[in-house]
Structure formats: structure tokens, C-alpha cells
Amino acid sequence: MTVRCRTKTRPPGDKLRDEMPATVTTATRTPNQLLVALPTLERDRLMAEAMSRFVEPGDVLYEVGQPLTAVYFPVTSVVSILTILGDGTAVETATIGREGMVGVFASLGDDLSPNARAVAQMGGELLVVDIRRFRHELRETGRLRALVDDYTRALLIHVSQSVACSAAHSVRQRLSRWLLQTSDRVTTDDVRLTHEFLAGILHARRASVTEALGELQGLGIVRTRRGGTVIIERAALEAEACECYDVIRQEYARLLPVEPSATYPATGTVSSTV
Ligand SMILES: [Zn+2]
């Protein structure tokens, strides 16, 4: 599959200066699986004016209360959807990688996010599609509509399960789930995030995250290093994770046509440096 993207020239220092090569060949890159599932003609129309962008951890894709101007298809990046409370507390309710898209509520006719912010949690590439183009193609093409509807259903399960997970499961269980689901999305066992960032994502104390990682490392399941964690024994980590990991993974596999990691190289191109 080839995805063609528009390139633009921007002045030095512009936030979008890393926009991209005009062509992405998925034989050599980790593709977005929603795009892979589209018929070629539909995909080419949707991507006709798309741009590629490289994001760094912490980059905001959409903000609470601001109109959405584009939707995003992660390729090698991973994005957190954070629910923002009145005192500024941010709690992650979903993780989105190459299996999905960011801004799916645009398909429901609304372009405002009243309570959520989308933030890059792992750096890398995503494809940016103008919201008008996205909605036009939703109206024009049958497969995109059906695919986005299926993805929305899986994401709803993901969000509701995450809410229950935060309320009922331990930091160690949630940490294990999070490492696994992020590893699935970047197709590497090297998850490059600091303890501090993990604590924020899990809405837990940093000391609790450090303690849980130390326990997992003591069991030989993971190896921590500066700025990241490497999964050593995946099956053992799955046994440590709460049931939420399997519930969410199985819903994506049931509703979406491509099993994550089934057909692509087991190497990621993550550029996170936190
Ligand atoms: Zn859980």
C-alpha cells in the first residue's frame, strides 16, 4: 500500500516543520491499520491532501473546548486521551496508536471536546487529515463509514473498561496493562517513558509506579533503564496485568479487520526521548 501525502514548505521554527515526505510506503513502515483496511480508491481519496507530522511526547493534538480542525492517524506515535477535571487533574481514558484514529467524535457530527485533551505520549509519526475532507469522505464512501463505526464501538469499550480499571485495579496491574497495550501499538518491547510520565498517565504517585516497576523487575519480567522500560517476559507480564488488557484487546480484534502485530514487522521507529 502506498499513502500519498501533501508536503508544505514552512518557515524555520514552525511547529509543523517536520511535515513529511510525500510518500509513505508501508512495506517499510509500520502502517495505520484503519488506513490499511480501506479499499485503495477510498484510501487514496482520504489521503489526497493528508500530511505527515512527527510529534514529541507532550504535544497537544486537540484541547478541551477548542474546535477540532483535523483527525489523526498514528503510524509510529501513541496518543493519550486525557479527561481533564476542574482542578487540572488529567486522567487517561484511552490510548490510541496505529490501530485507530484520534478525533473519532468528528464522525458523529461534533467538533468540540468538552472534557478531553489528546496528547502525544510516545513520539513518532502520524498522518493528519483535514476534518472537512474526513467528513466529506465519510458521506461519500461506504467502507470508511463502517470502519469508523466499528472503531468507535471498540473505543467505547476501551474507555469504559479504563474507567473501571482505574477504580478497581492496583497500580501494578494497571502498569502491566499499560506497558502491554503501548508495546502492542509501537510493535516493540522497549517502552520509552519515564516513571514520572507513567505516574501521570496512571494517575498514581510516582513512588508507587517506581515500586511496582521494581517488583516486576525483581521477578525478571521487565528491565528498567533511564527513560524507559523493556519487556523481558511478555507472558508473565500478561499474567500480572488485570483482565482489562484482554477485554480491550479482544474487542479491537473482534471489531477491526486487522489483528494488531499480525502482519507487520516487529520493529518500531519510536522517537521518544523523554
Ligand atoms: Zn484493569
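A short reminder: the numbers here are calculations on the coordinates, not readings from a lab. Since the model is a prediction, treat every value here as computed from it, not as a measurement. FYI the Cβ positions are ideal-geometry reconstructions off the backbone, even for glycines, and counts take in every protein chain you see.
Out of residues 5 or more away from HIS203 or on other chains, whose amide H comes under 5 Å of its own, with H placed 1.01 Å from N in the peptide plane?
Distant-sequence amide H within range of HIS203: GLU92.
Can you work out ³J(HN,Hα) from phi for every residue in the stretch 69-83, in order, using Karplus 6.51 cos²θ - 1.76 cosθ + 1.60 and θ = phi - 60°, giving whole Hz and x for Gly and Pro?
Karplus-based 3J(HN,Hα) across the stretch 69-83 equals 10, 8, 10, 10, 10, x, 10, 10, 8, 10, 10, 9, 9, 10, 7 Hz.
For SER52, what residues show an amide H to amide H distance below 5 Å, using hydrogens built from the backbone and excluding near sequence neighbours?
Here MET20, VAL128 satisfy the definition.
Can you tally the net charge around ASP184? Count Lys and Arg as +1, Asp and Glu as -1, for every other residue whose Cβ sits under 9 Å from the Cβ of ASP184. Walk me through the intermediate numbers first.
Numbers: positive: ARG185, ARG249; negative: GLU99.
Overall, the nearby charge balance is +1.
In whole Hz and in residue order, list the ³J(HN,Hα) couplings for the stretch 106-123 that follow from phi through the Karplus curve 6.51 cos²θ - 1.76 cosθ + 1.60, θ = phi - 60°; x for Gly and Pro.
4, 6, 9, x, 10, 10, 10, 10, x, 9, 10, 10, 9, 10, 5, 9, 10, x
Could you pull out every residue, at least 5 positions away or on a different chain, whose amide H is within less than 5 Å of the one on THR229? Hs are placed 1.01 Å off N in the peptide plane, and Pro or chain starts have none.
Distant-sequence amide H within range of THR229: VAL191, ARG192, LEU193.
How big is the charge dipole of the stretch 142-261 about its Cα centre, in debye rounded to the nearest 20, if each Lys and Arg gets +1 on its Cβ and each Asp and Glu gets -1 on its Cβ?
For this selection, approximately 340 debye.
What's the extension gain from ASP190 to LEU156 if we count 0.36 nm per residue and subtract their Cα-Cα distance?
On the way: separation 34, 0.36 × 34 = 12.24 nm, distance 2.75 nm.
Value of the extension gain: 9.5 nm.
Express in nm, to one decimal, how much length is gained between ASP246 and ARG135 on full extension, taking 0.36 nm for each residue of separation and deducting their alpha carbon distance.
Taking ASP246 through ARG135 to full extension adds about 36.7 nm, to one decimal.
Per residue of the stretch 184-199, in order, report the coupling 6.51 cos²θ - 1.76 cosθ + 1.60 (Karplus, θ = phi - 60°) as ³J(HN,Hα) in whole Hz, putting x for Gly and Pro.
Along the stretch 184-199, the couplings run 4, 7, 9, 6, 8, 8, 9, 9, 9, 9, 6, 4, 5, 5, 4, 4 Hz.
ARG135: net charge of surrounding residues, Cβ under 15 Å, Lys/Arg +1, Asp/Glu -1, itself excluded?
-3
Round to a whole angstrom and tell me the spacing of the C-alpha centers of the stretch 44-72 and the stretch 93-154.
The stretch 44-72 and the stretch 93-154 have Cα centres separated by 9 Å.
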